[in-house]
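What follows is a structure written as C-alpha cells; I'll ask about it next.
The values are calculated or read from the model by the stated rules, or taken from the named source; none is laboratory data. Here the structure is a predicted model, which is why all the values come from computation and not from measurement. Counting neighbours? That spans all protein chains shown, and the Cβs are built from the backbone with ideal geometry, glycine included.
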Amino acid sequence: MTYKRLLTSLAAHPPPSAASSSRLIPPYAQTLTAATSPSTSFRPPYAHSLPLPSQDAASRSLKASRKFEMILSSPSNVSNGEKEWSNWVAETLSSEEGRRSVEGKWREVLAGLQRLKDGHVEIPQVPFHQLASQLSIDGVAENIRAIGAVVVRDVVPDAEATEWAREVLLHMGERGGRATYWHRALLQARSNPSVLSANSLLASSLLPSHSQGLYVTATSITEGLSAQPTAPSFTDAWASPRSIRSHLTLTPSIPTALSVVSPSILAAEYALLRPLFRSIKSKISFYSPTAYLDPENWMILDTPSVAQAELDLPHLTEVQTALPELLPGDMIVHHSALPVHTSQGSGQVFLPLHPVPKGRDSDAWAAEQREAFEKGLPPPGAEASEGGLWEVEAKGQKELLGGRAGRGAMGYD
C-alpha cells in the first residue's frame with residue numbers, strides 16, 4: 001500500500017466543513033494594506049509575518065519536532081488464523097483416517113461448487129439501522145452463513161469515515177510511510193458504538209461458539225480486501241472463533257476498480273483445502289477445461305507445498321460475482337477464508353475490524369495486544385515493516401478508547 005498515492009486519490013473527496021481548520025492550513029497570516037501615498041520603495045505594499053513559538057532562541061534549532069524510537073521488526077508475523085490452519089493440517093494429515101476425511105470433504109465441496117455454476121447468487125445488503133430486526137427473521141442468518149458474506153450499509157457517516165482515512169494517511173506520511181496502529185482516528189473507529197454493535201450482532205448470528213463479548217483485532221488500514229486462513233471443519237465452516245472478518249470502508253473506490261467474490265461458504269472451504277491438493281495432469285493435457293477440474297484429476301499431498309496466497313483457485317473461476325459497491329461508512333463482514341479479489345491499485349482504503357469472541361483461547365492474545373497498545377508497539381501478528389524497523393508510537397491509555405464497550409473490545413473490564 002502506497003500512502004502517497006492513496007492520499008492523492010483521497011484529495012478528490014473534500015473533507016467535511018468541520019475540518020476547515022485542519023493542519024493543512026498554512027501556519028502564517030498574510031494581510032494587505034492600502035498605500036496612503038505613492039511610494040518609490042521597491043518593497044511590496046503588504047505585511048507578511050511568520051510568527052514563531054513563544055520559546056527561547058535555543059529551541060529554534062534544527063532538532064526534530066518529535067522524538068523517534070525505532071525497534072527491530074518481529075521475525076514472526078504469522079497470524080493466529082494461519083497458526084490454526086497449520087496446526088489443523090499437521091494433525092489431520094498425520095493419520096490415514098484424517099486424510100480420507102479431507103479427501104471426502106474435498107469431493108463434497110467440488111460437487112457443491114459444480115452445482116453453483118447453474119445459478120446466480122448475490123451478496124446480501126442490509127442497512128445498519130435494520131440489521132438487528134433483519135437477523136431476527138427466520139432464515140436470514142442462515143442465508144448469510146450459506147453465502148459467506150454480508151454488506152452492512154451506513155454503519156458510520158461517510159464524512160466521518162473519510163476523515164479517519166485522511167488523518168491516518170497524513171500521520172503515515174509523518175512516519176515516513178510506516179504503518180500506524182494506535183493513531184487517535186483508529187482508536188475512534190475501533191471503539192465506535194455502531195461498529196461494535198454491527199460486529200456483535202453478526203458474530204452472534206454466524207458463530208456457533210460466540211460468547212458474551214468480543215475483542216477487536218487492532219491492525220492498520222489496508223488497500224482493498226483480503227482473506228485469511230483459519231482451521232477448517234468437516235461439520236461447520238464457521239466453527240472456528242476466528243472464522244469471521246469485518247472491514248470498515250473508509251474511502252470511495254476509483255471508477256475502474258472491481259472486487260470479485262465467490263458468494264458461497266463452499267468457496268471458503270475450497271480455499272482452505274486447496275493447498276492440500278494438486279492436479280495430476282496440467283491444463284494443457286486436456287482439450288476441455290472441465291476434465292482438468294474433474295475430482296479424479298486431483299490428489300492429496302503429504303504436506304502443503306505452496307503458500308496459500310500464491311495458489312490459483314481454478315474451481316472458483318465460474319462461480320464469481322462482482323461485490324456490491326462499498327461506500328465510506330459501509331462494512332463488509334465475511335468468512336475469513338472467503339476469497340475476495342480486489343483490483344490492483346483499487347485506491348480504496350479499508351480498516352480491518354475483525355471480531356474475536358472472548359474466551360480462554362483468546363484472552364492471552366488480547367492481553368498481548370493490550371500490552372502492545374500501552375507500550376506503543378505493533379500488535380501481535382503485525383507485518384514486518386520495510387527495512388526491518390518499526391517506529392514506536394505514543395503509549396496508549398484506556399481513556400483513549402471511548403466508552404465501556406470500546407474499552408472492553410481491547411480487553412479492559
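Only one of GLY329, GLY381 is modelled with pLDDT of 95 or more and either of a type outside the set (A, V, I, L, M, F, W, C) or touching a strand residue (DSSP E or B) at 6+ places or on another chain (Cβ under 8 Å) (or both); which?
Working: GLY381 fails: modelled with pLDDT of 95 or more.
The unique qualifying residue is GLY329.
For the stretch 109-139, give me each residue that is in contact with a helix residue (DSSP H, G or I) (Cβ under 9 Å, 6 or more places away or on another chain), over 14 Å from SER262 (Cα atoms), part of a helix (DSSP H, G or I) and not small (Gly, Ala, Ser).
Answer for the stretch 109-139, where residues must be in contact with a helix residue (DSSP H, G or I) (Cβ under 9 Å, 6 or more places away or on another chain), over 14 Å from SER262 (Cα atoms), part of a helix (DSSP H, G or I) and not small (Gly, Ala, Ser): PHE128, LEU131, GLN134, LEU135.
Please pick out the residue among ARG407, ARG360 that is of a type in the set (Lys, Arg) and modelled with pLDDT of 95 or more. If you could, list the steps in order and put the result at the bottom.
On the way: ARG360 fails: modelled with pLDDT of 95 or more.
None of the other options fit; the residue is ARG407.
For every residue, the table says whether it meets (1) of a type in the set (D, E, K, R); (2) in a strand (DSSP E or B); (3) surrounded by fewer than 19 Cβ atoms within 10 Å (Cβ to Cβ).
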site: ASP361; (1), (2), (3): yes, no, yes
site: ALA364; (1), (2), (3): no, no, yes
site: ALA367; (1), (2), (3): no, no, yes
site: PRO379; (1), (2), (3): no, no, yes
site: ALA382; (1), (2), (3): no, no, no
site: GLU393; (1), (2), (3): yes, no, no
site: GLY396; (1), (2), (3): no, no, no
site: GLU399; (1), (2), (3): yes, no, yes
site: ALA405; (1), (2), (3): no, no, yes
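Starting from the stretch 323-341, keep only residues that are among the charged types (D, E, K, R), then list their pairs with residues that are in a loop (DSSP other than H, G, I, E, B) whose Cβ atoms are within a distance under 8 Å, requiring at least 6 positions of separation or different chains.
So the pair list comes out as GLU325/SER253; ASP330/ASP154; ASP330/VAL155.
Ok, one more. Contact list please: Cβ distance under 6 Å, first residue in the stretch 68-96 and charged (D, E, K, R), second residue modelled with pLDDT of 85 or more and part of a loop (DSSP other than H, G, I, E, B), pairs at least six apart or on different chains.
Filtered contacts from the stretch 68-96: GLU69/VAL392; GLU82/PRO229; GLU84/THR230; GLU84/ALA231.
Residue-by-condition table, conditions (1) at pLDDT below 95; (2) assigned to a helix (DSSP H, G or I); (3) within 18 Å of SER86 (Cβ to Cβ); (4) touching a Phe, Trp or Tyr at 6+ places or on another chain (Cβ under 8 Å):
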| site | (1), (2), (3), (4) |
| --- | --- |
| LEU266 | no, yes, no, no |
| PRO275 | yes, yes, yes, no |
| TYR287 | yes, no, no, no |
| MET299 | no, no, no, yes |
| PRO304 | yes, no, yes, no |
| ALA309 | yes, yes, yes, no |
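Another one. I want to confirm something. Restricting to the stretch 87-116 and keeping residues that are exposed (fewer than 11 other Cβ atoms within 10 Å of the Cβ) and among the charged types (D, E, K, R), which single residue is farthest from LEU207 (Cα to Cα)?
GLU96
Can you tell me which residue in the stretch 69-94 is modelled with the highest pLDDT, limited to those that are more than 16 Å from SER233 (Cβ to Cβ) and touching a strand residue (DSSP E or B) at 6+ places or on another chain (Cβ under 9 Å)?
The selected residue is ASN80.
Okay, moving on. Can you go through PHE350, PHE373 and tell me which one is modelled with pLDDT of 95 or more, of a type in the set (Phe, Trp, Tyr) and in contact with a Phe, Trp or Tyr (Cβ under 8 Å, 6 or more places away or on another chain)?
After applying the criteria, what remains is PHE373.
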